[in-house]
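Heads up, the thing below is written out as structure tokens.
Read-outs: derived from the displayed coordinates by stated rules, not from any lab. Since we're looking at a predicted model, the values are computed, not measured. For neighbour counting, all protein chains shown are included, and Cβ atoms are generated from backbone atoms with ideal geometry for every residue, glycine included.
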Amino acid sequence: MSVTPLPIRKRLSPEESRDAALEAARALLVEVGPQAVTLKAVASRIGRTHANVLHHFGSAAGLQQALIERMANFITSTIRDAVLRQRDTDQEPGEVVDLAFEAFGEGGAGALASWMILSGNEDALDPILKAIHDLVDELAADHSKPDRPIQDDTLQLVLMALGDALFGGPLTRALGLPRDRARTLARAMMRDGRGS
């Protein structure tokens, strides 16, 4: 009788282990939804123990908060780069709109943020709210337009992207509109300055 050896798990540094857990959490969020982002599911996905993941985050809420913080930093840095490119080339803000809609929709930020609010964990949104605030402050410096403040554009874009992520599919079907209608309206709003 032969015995098949167990696969050898690579020893990870604490930082590598934490990064692997956050990447697994993001994948679960996108593939299954926010309810799937649990310590047990993340541990299983990366081949670690529940205790190992618990050690890094303290709780499922801690894991979710770390995930939304990572997502917020990625989203805002990506959008910052797109805005700066748009300003340099004087192109339309379509890329910025697409990035916002993708982050909240396909990227899962909208579902995670809403789930946290509905489960009473509204404080967990602080990292994303701070990241948005800091980005707006940075982008508003030397580019403030009294008749069209960047805060107004940001509020409208984020609310449209979040609403589309959560309710856009069913609503556009009910209204007989193309699925990307909210994104098209957001592009026009950003381009024309409507609603400010």
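What is the gain in length, in nm to one decimal, between Leu171 and Asn73 on full extension, counting 0.36 nm per residue of separation less the C-alpha to C-alpha distance?
Length gained, Leu171 through Asn73: 32.3 nm.
Rounded, prolate or oblate: which fits region 12-58, taking a ≥ b ≥ c as square roots of the Cα gyration tensor eigenvalues, rounded meaning a/c under 1.5, else prolate when a/b beats b/c?
prolate
Work out the FRET efficiency for Asp88 and Arg148 from their Cβ-Cβ distance, taking R0 = 22 Å, and round it to the nearest 0.05.
Numbers: r = 19 Å, r/R0 = 0.88.
The calculated FRET efficiency here is 0.70.
Can you give the calculated 222 nm mean residue ellipticity of the chain, where each DSSP H run of n ≥ 4 adds -39,500 (n - 2.57) and the sum is split over every residue, rounded to the nearest 500 deg cm²/dmol?
Computed ellipticity for the chain at 222 nm equals -21500 deg cm²/dmol.
Can you give me the span-like helices of the chain, meaning DSSP H runs with 18 Å or more of Cα extent along the axis and Kyte-Doolittle mean at or above 0.0?
126-140, 150-163
So if I take the centroid of the Cα atoms in region 84-103 and the same for region 13-39, what is the distance between those two points in Å?
28
Please state the shape class of region 64-192: rounded when a/c is under 1.5, otherwise prolate if a/b exceeds b/c and oblate if not, all from the C-alpha gyration tensor.
Values: a/c = 1.91, a/b = 1.11, b/c = 1.72.
In terms of gyration-tensor shape, oblate.
Can you pull the Rg over Rh of region 79-149, Cα-only, Kirkwood?
Rg/Rh for region 79-149 comes to 1.04.
With the crude spin-label approximation of a point 7 Å out along Cα→Cβ, what separation in nm comes out for Glu122 versus Ala188?
Using points 7 Å along Cα→Cβ, the separation is 3.4 nm.
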